Structure formats: structure tokens, C-alpha cells
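Here is the structure we will look at.
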Amino acid sequence: MTTLIAPGGVDAAHATTSRFIQKACIWCGPVMGLLFVIGFLIAGFFPPPSPNQSAAEVAAMIGRDRDAIRIGIVICLASCGLLMPFMTAFTIQMKRIEGSRPILAYTQLALATMATIEFVIPYVFMLVSTYRPEAHPDVTRALFDLSWFFFLGVICTFVIQLAIFGVVILMDRREQPIFPRWLGYTNLWLSLMFTPASFIVFFKTGPFAWNGVFVWWVPVTAFLVWFLPNFVMLLRAVDADDLA
């Protein structure tokens, strides 16, 4: 019985399976994004409510929309596990570029683990804020504030991840690089677009509040601009990999 061999020395069946698994991991990214949008729309958090609300207003909002918030955030929480497969697909391609000592690839993977936790924690706080209707409004608002500070204010992991993507892509000096160089510069540039979110502690209104232009709309737009080309180029990189 003859076994077909792929160009890199890997049998064809294994190569096909590996590509299928990698692409499945890559597709976890848009599925996660879709679940996030659906969940936030159901919860009424797209865009986020104003951080300038009084404790009574926050408690009234949560009391009014309690079930919608629970359903929406449970959907968001269910999507969190999809981040790791997507980021691991990045790690595999980064290892191809770095070679035998892929320290940046592993750093990115560790940051992805942290980022997953940084999604889980705010969703849990959002759910806890709906859990006890009899809770004092100040307690409810404190939980709600914590959720948004975690969700939008903790940006260091994602900023460093994008910077690492950019650096590794630009490190690739082969004649036919795995990723185009413009994608490296795109990652580096877009990493800066998330930094205004670190200032939300100083503002309750205006463009630097958590529902403002620079903290919500600019990062959301930057994420879409980041995600689409990286998603497409990841799929192309998997197709071009000889799996040697």
C-alpha cells in the first residue's frame, strides 16, 4: 500500500488533518467576535451605558434589563474559550518565523491566556451585579464599574500582543515571507489605538470615558481593522505551509 507524501515529507493525510485543525482554530476568532456582538446587543451594552450614572440609575437599569443582561453576558462568557485556539494559530505561524527559540511566540501565547482571563472576569462581574436584586445600589454600581474597568481598562496584554505580532512579522527575512511586511506595520500601528483606554479612571464623561470615542469606538474600529487582514493572512499562511 502506497502512502502519499507531502512536499515537506509529511504524509498527505496528516498534512490535510493539520491544515483542517489549524483553520478550525482560526475560525474560532470570528465565531467569538460574532457571539460577543450578539451578547452585547442582547444585554444592551453596545455601546456601553454611561459611567456617569448614579448608583440608583445603575441599579434601576440592571433591574429593568436583568434577564437580557444575564442572557447576553452568558453568551459572551461562553465565547471566551474560543480566543485561545485563535491565538494559538498565530503562535504556530510565529514559531515558523522565529525558528528553534520562539520566545516571542511563547510570550504571545502566555499573553493570550491572560487576555482570556481578562474577558472572563468582567463578564462574571456583570453577571454578579444582576444576581441579588435586593443589593444596595452602591454595591451594584461598584460591581458594574469593576466589570467595565476590567473589560476596557486592562489593555496592556493586547497592546503587547499586537506589538509582538508586528515585530515577528518584520523579523521574517525569507524571500517569500509567511506574512506580508505591511501586516507587521499594521499590527504595530494598531497597537497604539488601544492605549487611550488606560485613561478611563480619570473620566466619567467625554471621549475618554468608557463609552467615549477614544475608549470605545476607536478601539472597536481598530480591532476590526486588525482582525480582518490578520484572519485572511493566517488562513493563507496555513495553505502555504508545507508542514515540514
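The values are calculated or read from the model by the stated rules, or taken from the named source; none is laboratory data. In this text, all values refer to a predicted model and were calculated from it rather than measured experimentally. Backbone-built Cβ (ideal geometry, glycine too); neighbour counts: all protein chains shown.
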Study note, to complete from the structure: Pairing a residue in segment 145-157 that is within 16 Å of K204 (Cα to Cα) with any residue that is modelled with pLDDT of 95 or more and assigned to a helix (DSSP H, G or I), where Cβ atoms lie under 6 Å and the two sit 6 or more apart in sequence or on different chains, gives L146/F125; S147/P122; S147/F125; S147/M126; F150/I121; F150/P122; F151/P122
Practice item. State all residues of segment 194-219 that are of a type in the set (A, V, I, L, M), buried (at least 19 other Cβ atoms within 10 Å of the Cβ) and part of a helix (DSSP H, G or I); if no residue qualifies, say none. Key: A197, I200, V215
Revision key, fill the gap. Checked pairs for segment 78-89, first within 13 Å of Y123 (Cα to Cα), second in a helix (DSSP H, G or I), C-beta under 6 Å and 6 or more apart or across chains, list as S79/M32; S79/L35; S79/F36; C80/T116; C80/F119; C80/V120
Exercise for review: Run A163 past the list (1) modelled with pLDDT of 95 or more; (2) at positive phi and report the number of the one that doesn't hold.
Suggested key: (2)
Check your understanding: Within the set of pairs 6+ apart or on separate chains, which have a first residue in segment 24-47 that is free of Cβ contacts under 8 Å to residues at least 12 places away in the same chain and under 15 Å from L224 (Cβ atoms), a second that is of a type in the set (F, W, Y) and part of a helix (DSSP H, G or I), and C-beta atoms under 6 Å apart?
Key -> F46/F40
Study note, to complete from the structure: segment 47-163: helices (runs of 4 or more DSSP H) wholly inside it with 2 or more residues that are crowded, with 16+ Cβ neighbours inside 10 Å, within 23 Å of the chain's Cα centre (by Cα) and hydrophobic (A, V, I, L, M, F, W, C) are 66-79, 83-98, 103-129, 137-148
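Of the residues in segment 164-186, how many are outside any helix (DSSP H, G or I) and surrounded by fewer than 18 Cβ atoms within 10 Å (Cβ to Cβ)?
So the first thing to find is which residues in segment 164-186 are outside any helix (DSSP H, G or I), and the list is 172-180.
Cutting the leftovers down to surrounded by fewer than 18 Cβ atoms within 10 Å (Cβ to Cβ) gives us 173-177, 180.
Adding up the residues that qualify gives 6.
Residue-by-condition table, conditions (1) in contact with a Leu (Cβ under 6 Å, 6 or more places away or on another chain); (2) over 25 Å from P85 (Cα atoms); (3) free of Cβ contacts under 8 Å to residues at least 24 places away in the same chain:
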position	(1), (2), (3)
L170	no, no, yes
E175	no, yes, yes
W189	no, no, yes
A197	yes, yes, no
V213	no, yes, yes
W217	no, yes, no
